[in-house]
2 protein chains.
Amino acid sequence: MSAIRLVDDLAPSSASAEWIDSILKGDCVAAMERLPEKSVDVIFADPPYNLQLEGDLHRPDQSKVDAVDDAWDRFESFAAYDAFTRAWLLAARRVLKPSGTIWVIGSYHNIFRVGASLQDLGYWILNDVVWRKTNPMPNFRGRRFQNAHETMIWATRDQNAKGYTFNYDALKAANDDLQMRTDWLFPICTGGERLKDEAGAKVHPTQKPEALLARVLMASSRPGDVVLDPFFGSGTTGAVAKRLGRHFVGIEREQAYIDAATARIAAVEPLEAPELASMTGKRAEPRVAFVSLIESGMIAPGTLLSDARRRWTASVRADGTLAIGSEAGSIHRMGARVQGLDACNGWTFWHYEAGGKMQPIDDLRRQVRDGMVAAGA
Amino acid sequence: MSAIRLVDDLAPSSASAEWIDSILKGDCVAAMERLPEKSVDVIFADPPYNLQLEGDLHRPDQSKVDAVDDAWDRFESFAAYDAFTRAWLLAARRVLKPSGTIWVIGSYHNIFRVGASLQDLGYWILNDVVWRKTNPMPNFRGRRFQNAHETMIWATRDQNAKGYTFNYDALKAANDDLQMRTDWLFPICTGGERLKDEAGAKVHPTQKPEALLARVLMASSRPGDVVLDPFFGSGTTGAVAKRLGRHFVGIEREQAYIDAATARIAAVEPLEAPELASMTGKRAEPRVAFVSLIESGMIAPGTLLSDARRRWTASVRADGTLAIGSEAGSIHRMGARVQGLDACNGWTFWHYEAGGKMQPIDDLRRQVRDGMVAAGA
DNA sequence: TCCCCAGATGAATCTTGTA
DNA sequence: GTACAAGATTCATCTGGGG
C-alpha cells in the first residue's frame, strides 16, 4: 500500500489498478487526467484556501465575467482562483463514477467560489455540512466573530445521478436513532494525531482530524470503494480510508508531504471485516413478491386482510392481488385506494389476524427473507 | 413609524429622512437606487433562495409538504439568478455607508452564488455565520443528511473599510464570557411568533425568527442606526429593529406582506433597558452521538460492551452500531433487544471494562459533552 | 384547570428497479 | 432514453380536543 508514483509513470487511461492505494506525485489536474474515467467512488478535496496565489495556477479558461469598477486587481486574483477551481473540478468530474460523490471542504475565503463552480460545472449539491470546531482558534483582535467552523459541500456528478452511497440507516443508528444532521462537531487536529517533524513543527498547516474523514467515508462510501484525494497533504484521507477498508488514491506535489503521508499510512492497521460491516435498512434487503407468501402457503387465497384499526378489509386472491368489492390491485395500490392517497406501503399497512391480534404482513415478508438467507439466496 | 410609501414618492437622492422607519413598495433595486447613497448602517437581506423544486414531496404519513413554490423564488437559470443577485448587491452597496456592513442569509441552493457575487463586487467578507436549527424539517426520504442549518454572510463594503460596528464585549458578556462563535443555535419561527392570516395559514413561507435578527442587530449595529432590508417580507427585520431602538427601512413588492408587516411593527414596543441578554444567550442541551465516541478514539471498533452484570455482550462496529451475532442496531435498540423490551437507554445499559471494572458508556458521553459545552453546543 | 394524545407542520433542490 | 410500479421514509414543536 501507498507506493509513490510520479504522474508520468502512469500510462494514459490505464485500465490497470497500479494507481490504487498509492500517492501520485505532481499537479492534481495532470494526474487526474491520466487516471481512467469513471473509476473513483468518492472524492474528498481540501483545496488551497489562499487567494493570494503565486502564479502556480493553471490555464485560465475563457469564462468572461463583467469587470466591476475599481475591483480589477481583486477580480484578477478571484478569476485566477476560479480558473484553478474549474480546472481541477472538471478533471475530478471525469474520474468520478456516475454514482460517485464529491466532498470539498473550505472556509469563507474560498467555499463560495468552489460551490458556485460546482454548480456551474453540473455537479448537483446534496448537502452542505458544517464542521463545528470544539476548540477553534480565538479571534485575537475582537473585530469579528470567532471563526468556529468550516464548510463541506457534498455533491453528485449530475442532477439526475442515481445510486450514490449514503449509509442512512447506519448513520441514524449511530446517532441515537435520529437522522444525522448537517452540523457536525469535532475537535481540530492536535496532540498525538498531529504530524510533527524532528524539530517538533507541524508537518502540514491544515491537517484535518481523522474523525471528520471517518464520518465522511462511513457516510458516503462502502468497504472496497476507491477514495481519491487530489490535495493529499499529510494523508488524512488515505490513513482513514485504509483503516476503514477503503482504497485510496492521493495526489500531492510536495515531497515532504508525500514522505510524511507515506509513513503515516504504512503504520495504519486496517479494521477487520466484522467491525467494518455497516448497518443496512430495508432498501438493501432482497425484494419479496407478495404472491410468494401465497405460493409458499403462508397466506391462503381468500384470507381477509385489514389495516391495523380494522377500518378496511380486503380479500387475498391467488394471483397475489387484493380485492375489495369489484376492485383489485396490488397491496400498495389497494392500500392507497382505500385511504384516498397516492401511495401506500402495503407491507406495513395490511395486517392479518393471528391469535386475536393484528400482525402486519411485513412480518411474513421477514420470515420469507430469513428463509432466503438460510438458503444462501 | 412604518408608513408605507411607493418608491416613486421618494425624490431622487433625497436628503430628508422621510423614508426612515417606513416600508417602500416596489422592486428592491429601483427602490434602493432612489435612496441617498451612503445612508444606511446595516443591511440585512433574505433574498429568494432559488430552491429549484420539481415534484411534490410527501411525509411518510403521506401528507404533502407545503413547499416554497412562490413565483418570486423561481429563476430561469443560475445565470439569471446571478444577474439578479449582482443587481441588488450593487444597488445595496451604493446606499451602504463606508462603515456599514451587510448580512445575507441563504441555503446551499443560493449562498455560494451570493458569496461569490459579494466578493466579485468588492465586498469584503468578515465572517460566515451558521444558523443551526433546533427543530429543522426532517429528510423524509432518507437519502441525504437532515438539512439543519442556513448560512449568513457578514461583509463590509470594501476590503479596507474602517469603523464598522461590532459589539464584541457585549456579545462576549452575553455568551458566558466566551467569544461569540460563528455557529448560532435558534429554533425556527413557529407558534405565536409566526404570522397567520384569518384562515390560520402562514402569511409568509419563510418568516425568520426574531431571535436571529436580534443577535444580528445587537452584534453589528447601535441604537439609532438605520437598518435596511431589501426583501422585507413579513417584516421581522423591522420589528426587531424597532424593539432594539434602531431605525428600519423595508422594501417589499407584495401588498399582503406589507400589510402584515405594518400591523406587526405597529404593535412592537421598543425596549428601554438591556433585557436583551436573554435573547442572545445559550440554548439547549448538547446531544452526543454514540458514533462520536468511536470517531474520537474513545472506543475502538471491535470493543466489547456488556451490561453491568455481564449477562449480554455486544461488539462495537466502526459505523457506530452494536452487533450481536448477525443482528446490529443502535445502542438503544440492541439494549432493548437483548432484554426483550420495547425501549432501553443504551447509554446507561452498556458498559465497557476499565481496570477490571465495568463503567457505563455514559461516562464517556459526559467527557465528550464537557468538551462540547465549551463549544456552546 | 390540567394532562394526554392525536394531528399538523416547517426554505426540501428527498427513490429505485424493471420493462 | 421513458413509463410504470414497487415500496421506503420524519423530528421538534405547537395546537386543539377530550377526559
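For the stretch A:192-305, averaging the sequence separation of C-alpha pairs within contact (under 8 Å, six or more residues apart) and dividing by the residue count gives a relative contact order of 20 percent. Calculated mean residue ellipticity, 222 nm, chain B: -8500 deg cm²/dmol, from DSSP H runs (n ≥ 4) at -39500 (n - 2.57) each, averaged per residue and rounded to 500.
If you count, for every residue in B:182-194, the Cβ atoms of partner chains within 10 Å of its Cβ, what is the mean?
2
Of the residues B:251, B:299, B:23, the one that moves most in a GNM of chain B with alpha-carbon contacts below 10 Å is B:299. For the stretch A:201-256 and the stretch A:75-98, what is the separation of their C-alpha centers, rounded to whole Å? The distance from the Cα centre of the stretch A:201-256 to that of the stretch A:75-98 comes to 20 Å. Each of A:166, A:211, A:186 was scored by the projection of its Cα onto the charge dipole of the stretch A:153-217, and the greatest displacement toward the positive side belongs to A:166; charges sit on the C-beta of Lys, Arg, Asp and Glu. Exposure proxy shown here: for A:322, B:24, the number of other Cβ atoms within 10 Å sets the order, fewest to most, as A:322, B:24. Pairs spanning more than 28 Å between alpha-carbon atoms, out of B:133/B:242; A:172/A:242; A:38/A:196; A:172/B:202: A:38/A:196; A:172/B:202. Charges were assigned to the Cβ only: +1 to each Lys and Arg, -1 to each Asp and Glu. The resulting dipole of the protein assembly as shown about its Cα centre is roughly 1540 debye.
Our estimate of slack between residue B:94 and residue B:359, defined as 0.36 nm per intervening residue step minus the Cα-Cα distance, is 89.1 nm. Sorting A:288, A:42, A:95 from the fewest to the most surrounding beta carbons within 10 angstrom yields A:288, A:95, A:42. Remark: A:114, B:29 ranked as B:29, A:114, counting other beta-carbon atoms within 10 Å and listing the fewest first. For the stretch A:200-291, the equivalent ellipsoid derived from the Cα gyration tensor has semi-axes of 33, 12, 11 Å, listed largest first.
For the stretch B:79-88, backbone phi angles converted through the Karplus equation (6.51, -1.76, 1.60; θ = phi - 60°) give residue-by-residue couplings of 4, 5, 5, 5, 4, 4, 5, 4, 5, 6 Hz, Gly and Pro being listed as x. Between this copy and the others, label points of residue A:36 are 7.0 nm apart in ascending order, each placed 7 angstrom from Cα in the Cβ direction.
Between A:101, A:280, A:237, the GNM of chain A built on Cα springs shorter than 10 angstrom shows A:280 fluctuating the most. Pick from B:183, B:307, B:225: which is most flexible by mean-square fluctuation in a GNM of chain B where alpha carbon atoms under 10 Å apart are linked? Looking only at B:183, B:307, B:225, the largest GNM fluctuation is found for B:307.
For B:159-171, what's the mean count of beta carbons from other chains sitting within 10 Å of each residue's beta carbon?
Details: counts 2, 0, 0, 0, 0, 2, 0, 4, 0, 6, 1, 0, 3.
Average per residue, whole number: 1.
Calculate the length of the line joining the C-alpha centroid of the stretch A:318-377 to that of the stretch B:125-186, in whole Å. With the stretch A:318-377 and the stretch B:125-186 each reduced to a Cα centre, they are spaced 48 Å.
Take every residue in peptide A:125-136, count the Cβ atoms of other chains within 10 Å of its Cβ, and give the average of those counts.
For peptide A:125-136, the averaged partner shielding equals 6.
Cα-based radius of gyration for the protein assembly as shown, normalised by 2.2 N^0.38 Å, reads 1.05. Considering only A:49, A:230, B:271, the residue lying farthest towards the positive end of the dipole of the protein assembly as shown is B:271, judged by Cα position with unit charges set on Cβ. When the Cα atoms of the stretch A:16-275 are aligned to their principal axes, the ranges along those axes come out at 61, 45, 41 Å in descending order.
Every number in this text was worked out from the coordinates using simple rules, so none of it is lab data. Every value quoted in this text rests on a predicted model; they were computed, and no experiment measured them. Every residue, glycine among them, receives a Cβ derived from its backbone with ideal geometry; neighbour counts consider all protein chains shown.
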